[in-house]
Amino acid sequence: MKDESGYGTVAALALLLACVLLGVAASVGATALVVKHQLQQAADMSALAGAQGLAVSLTEVSSVSACEEAASLAADNGAQLLDCQVGTWDVRVRVGRQVQLPLVGGLELEAKARAGFDDLGL
């Protein structure tokens, strides 16, 4: 008959290692999800700021463009404006941010948003 003493210790250590790895993976995923939500919020607010800038430029002469407004608000929220397209009645933006995640390294996350007046049927 084989001596199985110490088997419980090895099994417990293996289970503990699996739990630690699962916890780290969950932490990395949760961090990426939080940053993605923050980026989406920055994109939404940037698009709204751009649409407001567009509305001002339609009603009066303004030295600040819709995309400059969107870029400023994106920067205030820790994001970088990657793309800005101004239509006749709307503004579409794409923002991004570089994130350092444990075990994954650098990751570029992006979010898009649109705000404007074309939904009003004008």
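The values are calculated or read from the model by the stated rules, or taken from the named source; none is laboratory data. In this text the structure is predicted, and so the values were computed from the model without any measurement. Cβ atoms come from the backbone with ideal geometry, glycine included; neighbour counts cover every protein chain shown. Surface areas here come from the heavy atoms of the whole protein model, side chains and all, with no ligands, DNA or RNA. Shrake-Rupley method; radii C 1.70, N 1.55, O 1.52, S 1.80 Å.
Test of understanding: extend the Cα→C-beta vector of Glu68 to 7 Å, then name every residue of the range 33-54 with backbone N under 16 Å from that spot.
49-54
Taking the Cα centre of the chain as the origin, how large is its charge dipole in debye, to the nearest 20, when only Lys and Arg (+1) and Asp and Glu (-1) carry charge on their Cβ atoms? Please report the intermediate quantities before stating the final value.
Numbers: 7 positive and 13 negative charges, 70 e Å.
Magnitude of the dipole: close to 340 debye.
What do you get for the angle between helix 7-59 and the principal long axis of the chain? Use alpha-carbon atoms, 0 to 90 degrees, nearest ten.
So the inclination is approximately 0 degrees.
Specify the angular offset, from 0 to 90 degrees and rounded to the nearest 10, of the alpha carbon long axis of helix 66-76 from the longest principal axis of the alpha carbons in the chain.
The two axes meet at around 30 degrees.
Could you look at the chain and say what percent of its accessible area is carbon and sulfur, using a 1.4 Å probe and all protein chains? Please list the in-between numbers first.
Details: 4870 of 8050 Å².
Taking all protein chains in place, the chain shows 61 percent carbon and sulfur surface.
Determine, from the Cβ-Cβ distance of Thr88 and Val28 and an R0 of 41 Å, the FRET efficiency 1/(1 + (r/R0)^6), rounded to the nearest 0.05. Mind dumping the intermediate values first?
Numbers: r = 43 Å, r/R0 = 1.04.
Calculated value: 0.45.
Amide H neighbours of Asp83 under 5 Å, at least 5 residues apart or on other chains, H built in the peptide plane: list them.
Arg94
Counting helices only, and only those DSSP H runs with n ≥ 4, report the 222 nm mean residue ellipticity of the chain as the sum of -39,500 (n - 2.57) divided by its residues, in deg cm²/dmol to the nearest 500. It would help to have the intermediate numbers written out before the result.
Working: 2 runs with 64 residues, N = 122.
Calculated at 222 nm, the ellipticity per residue is -19000 deg cm²/dmol.
Leaving ligands, DNA and RNA out of it, rank Asp83, Asp90, Asp76 by accessible area with a 1.4 Å probe, largest first. Working shown, then result.
On the way: Asp83 55, Asp90 20, Asp76 120 Å².
Putting Asp83, Asp90, Asp76 in descending order of accessible area: Asp76, Asp83, Asp90.
Any idea which of Leu13, Ala25, Ala74 is furthest toward the positive side of the dipole for the chain, if Lys and Arg beta-carbons carry +1 and Asp and Glu beta-carbons -1?
Highest projection toward the positive end goes to Leu13.
Kindly provide the Kirkwood hydrodynamic radius of the chain in Å, to one decimal, from all pairs of distinct alpha carbon atoms. It would help to have the intermediate numbers written out before the result.
Working: mean 1/r = 0.0581 Å⁻¹.
Over the chain, the inverse of the mean reciprocal pair distance is 17.2 Å.
Provide the per residue accessible area, probe 1.4 Å, for the chain, rounded to a whole number of square angstrom. Display every interim value, and only then the final one.
Working: 8050 Å² over 122 residues.
Per residue, the chain has 66 Å² of solvent-accessible surface.
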